[in-house]
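> Let me give you the structure first, and then I'll get to my questions.
The values are calculated or read from the model by the stated rules, or taken from the named source; none is laboratory data. Quick caveat: nothing in here was measured; it's all calculated off a predicted structure. Cβ: placed from backbone, ideal geometry, glycine included. Neighbour counts: every protein chain shown.
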Amino acid sequence: MLASKQVGQQGVRAQQRSQQTLKTQKSVTGRKTNCCPSPCSSLMPKTVSPVAAIATATLPSGAPAPPISLIATDVDGTLLNSKQELSPGVIEAVKAAAAVGVPLVVATGKARGPWVNEVFSQLNLSTPGCFLQGLYVCDAAGTVLSQQELEHSVILECLDIADSKGLTAIVYCADRILSASLNEYTDSLKFYKEPDVEAVGHLSKSVGKVAMQKLIFMGPQQEIDALRPVVEERLQGRASTTTAVPCMLEVLPLGASKGTGVLWLLKHMNVDPSTVMALGDGENDVEMLEAVGLGIAMGNAGKKARAVSADVMSTNDEDGVAQAIDKYVLSPRGKSLSNQAVNATTSS
């Protein structure tokens with residue numbers, strides 16, 4: 001349980017963070033990508049209506065929760081269960097939130113792969129989203145709103161490190177994933193319904209020919225753990241690192257994170273970060289959870305995500321997202337999920 005003082009400062013931090021780091025992102029307006037086509041033809045309005053007067057939910061610390069006008073959620077380990085599925089309870093909760101004027105946006109480390117059509121269609125989403133750890137922001141139609149790229153020198157140095165350590169390296173280029181060759185590690189991305197990895201030969205030949213947003217080292221967990229301090233020392237002041245799933249270490253542009261991506265999107269949509277609820281489970285969600293008014297961790301979340309969250313719900317296999325929406329979005333507005341959904345979210 002967090003101290004009341006820490007929770008109360010979360011909204012203040014959200015406002016402060018919204019004025020910082022956003023200038024590091026490069027805006028690209030009106031540019032179309034080869035992303036998967038969105039099933040929704042209507043686009044999310046840039047302006048979300050101000051939060052109406054509603055009751056106040058109470059946090060575990062005893063502090064009042066902020067009124068929520070928008071939900072930003074991680075996908076793997078949060079919105080989706082461990083089978084990469086949307087549960088009926090989560091679907092109902094997201095639609096119920098939309099019905100009371102609280103839309104949901106996704107903030108994921110993944111590319112706009114095959115999973116987008118499935119998730120957006122089932123949830124009736126027509127909102128923009130943050131992809132590739134916030135490095136690639138698109139509207140519902142796939143138009144690029146903002147993007148960042150890794151420096152060429154950082155990519156080349158990472159490739160040298162991967163070669164010397166015998167590790168797999170892949171790079172994300174908008175909706176494409178490139179690798180020198182295919183193996184068990186690149187094949188593991190199929191589980192997450194990412195775009196098919198393209199074997200293009202040594203990646204150094206592609207540097208400068210295609211925009212690369214992030215690079216991922218892949219290998220046995222013990223080797224990835226040992227690699228991280230080496231990479232961070234060599235790239236100090238030039239790039240940032242994070243991890244989302246086991247056996248992978250991600251290299252991002254310096255200062256980039258889901259937090260900066262979400263803050264950029266909120267500014268674009270004219271949404272006050274202090275009225276946003278963020279949901280996540282991993283280390284790569286930490287900055288996002290800290291950047292908004294209410295950070296909520298799933299029951300399956302790691303220590304870093306839990307440490308910065310105001311509350312912890314049930315796991316992603318127990319409809320933690322639905323539980324958070326019911327508690328902090330619907331209940332303050334005098335609404336509730338169906339008995340079946342409530343039973344699912346409260347059972348453990």
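> Check Val90, Val102, Val116, Val94 and return the single one that is farther than 22 Å from Lys335 by Cβ and not basic (Lys, Arg).
On inspection, the qualifying residue turns out to be Val116.
> Within the group Val251, Val245, which residue is in a strand (DSSP E or B), within 16 Å of the chain's Cα centre (by Cα) and either of a type outside the set (A, V, I, L, M) or more than 30 Å from Pro66 (Cα to Cα) (or both)?
Val251
> Taking region 179-204 as the region of interest, how many residues are hydrophobic (A, V, I, L, M, F, W, C), under 20 Å from Val116 (Cα atoms) and crowded, with 20+ Cβ neighbours inside 10 Å?
Residues meeting the conditions: 2.
> Identify the residue in region 261-291 that is touching a Ser or Thr at 6+ places or on another chain (Cβ under 6 Å) and part of a helix (DSSP H, G or I) and, among all such residues, is farthest from Gly129 (Cα to Cα).
Going through the qualifying residues, I end up with Glu283.
> Follow-up. From Thr108, Thr33, grab the single residue that is modelled with pLDDT of 95 or more, under 30 Å from Tyr172 (Cα atoms) and not basic (Lys, Arg).
Among Thr108, Thr33, only Thr108 is modelled with pLDDT of 95 or more, under 30 Å from Tyr172 (Cα atoms) and not basic (Lys, Arg).
> Also: Here's a check for you: in region 237-272, which residue that is hydroxyl-bearing (Ser, Thr, Tyr) and in contact (Cβ under 8 Å) with a residue 60 or more places away in the chain is farthest from Leu167 (Cα to Cα)?
Thr260
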